[in-house]
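Just below is one structure, and these are the notes that go with it.
The values are calculated or read from the model by the stated rules, or taken from the named source; none is laboratory data. Computed from a predicted model, the values in this text were never measured in an experiment. Please note: Cβ atoms are built from the backbone with ideal geometry, for glycine as well, and neighbour counts cover all protein chains shown. All accessible areas refer to the heavy atoms of the entire protein, side chains included, with ligands and DNA or RNA removed. Shrake-Rupley method; radii C 1.70, N 1.55, O 1.52, S 1.80 Å.
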Amino acid sequence: MSGNTRNCSSYFDARQRDGEIKGLFFLDKTQRDTEGKRRTDLHFLDLERGEISDVLSTTPPDVPLGSTVVTCGNHVYTIGGKILRGGILRSLNHVFRFDFKHAERGWGKVSSMLYPRGLPEALAAQGKIYVFKGSRDCFGEVYDISGDSWVPLCVPSIAEYSGVSRPVLLDSSRSRILVHFSGDRYRSLYAYYYNDKSWVCLDPKFPYWSLTVGIVGNVLYVFHEISDEICSWKAYDVQDKKWLPVKWLTEFSLHQPFTAPVGAPLIHLGNDKWCMVWHSVTLNCFEYLIFRMWRNGHGGSYAAAVDGYRTSASFGSVNPTILMP
């Protein structure tokens, strides 16, 4: 492992302050190792200063490319991935763990998944990691962190004819995971209640979903589309099961993220504050947009930029992966 392990712990401590996310870790594949192969380095993006740290850690070479990254407390896990063997791209079931507070220990291997998975969807909740997609043989599985063991996830009937859309979304206030299914005829929103290990259909006709999606309170926000004249969000009340109008306030009308690519992650920083972050290859930097979205008292939602809403941090990157808080 390379990098400054002391700084890794201090950056982790500074990531959140006063109940608000102030910075984000990300994995970058810009540099190459001594054999000329791309390596994966851990960095920290300071959202307040617009600064990026030096390399904090480097994953071992046996961590495959295309793995899915999940954070849980002060740990980060890389799950699955693909490797080229004999001219064929094969999925793997490997899982590696890194401790921000004890970076000197490096990346260690934990129990492998039951099935190989390439680019699975995954998230952590209450000491467990839930993994979906990426395998033709198994719908999903659950990792018990304390027991270092995997078990299959129960399968909803809709999975027989519809696939899971990216991403799956944690609704922690209701102890459930929101999963959008998309098929030839059906687009539906389901909830998996992980304490009861049960599935419930929330809306059998749920057309809007994207890689940029988040939930706070009763409102689910979906970044719908960008064009030269419109930046469209959809808002859905998960309790009343109805769509809400979203109004852009005047001061935000000129600050819509037209340059943000489809799939920029939506990160809830705290309270009603949100962040979209993406890497611009053209500008050779990270760009991020900080704004507020909240439920108004008239049956709809408002959106508005905050001071210093648009920031960039110079950094030439190859396929960066933001570690969701």
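Values as computed for the structure displayed
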{"quantity": "Whole-percent carbon and sulfur share, accessible surface of the chain, 1.4 Å", "calculated": "46"}
{"quantity": "Relative contact order of the stretch 160-208, pairs being alpha-carbon contacts under 8 Å that are 6 or more residues apart, as %", "calculated": "27"}
{"quantity": "Per-residue ³J(HN,Hα) for the stretch 152-167, Karplus 6.51 cos²θ - 1.76 cosθ + 1.60, θ = phi - 60°, Hz, x for Gly and Pro", "calculated": "x, 8, 5, 9, x, 4, 5, 5, 5, 9, 9, x, 7, 7, 8, x"}
{"quantity": "Links that overshoot a 25 Å alpha carbon limit, given the list K101/K128; K29/K273; K82/K197; K37/K133; K109/K197; K197/K273", "calculated": "K29/K273; K82/K197; K37/K133; K109/K197; K197/K273"}
{"quantity": "Amide proton proximity set for G140, modelled H, under 5 Å, gap of 5+", "calculated": "L153"}
{"quantity": "Q239-D13 FRET efficiency (beta carbon distance; Förster radius 30 Å; 0.05 resolution)", "calculated": "0.25"}
{"quantity": "Accessible heavy-atom area order of W274, W150, highest first, probe of 1.4 Å", "calculated": "W150, W274"}
{"quantity": "Cut-off under 5 Å, modelled amide H: who pairs with A125 long-range", "calculated": "Y130"}
{"quantity": "Taking the chain and dividing mean pair separation by its residue count, relative contact order in percent (alpha carbons under 8 Å, at least six apart)", "calculated": "12"}
{"quantity": "Computed over the chain, Kirkwood Rh from alpha-carbon pairs, angstrom", "calculated": "20.8"}
{"quantity": "Computed [θ] at 222 nm, deg cm²/dmol, the chain (DSSP H ≥ 4; -39,500 (n - 2.57); rounded to nearest 500)", "calculated": "-1000 deg cm²/dmol"}
{"quantity": "Calculated from backbone phi, Karplus (6.51, -1.76, 1.60) coupling profile of the stretch 90-101 in Hz, x at Gly/Pro", "calculated": "10, 7, 10, 10, 5, 9, 10, 10, 9, 10, 4, 7"}
{"quantity": "1.4 Å probe accessible area per residue over the chain, in Å²", "calculated": "48"}
{"quantity": "Whole-Hz couplings from phi, Karplus 6.51/-1.76/1.60, listed for the stretch 24-37; x for Gly and Pro", "calculated": "9, 8, 8, 9, 10, 10, 6, 7, 10, 7, 5, 9, x, 8"}
{"quantity": "Candidate aspartates and glutamates for bridging to K247, where Cα separation is under 18 Å - those fewer than 8 sequence places away on the same chain excluded", "calculated": "E225, D228, E229, D237, D272"}
{"quantity": "FRET E, pair V281, V306, Förster distance 22 Å, beta-carbon r, rounded to 0.05", "calculated": "0.25"}
{"quantity": "N271-R136 pseudo-label distance in nm [points 7 Å out on the Cα-to-Cβ vector]", "calculated": "5.1"}
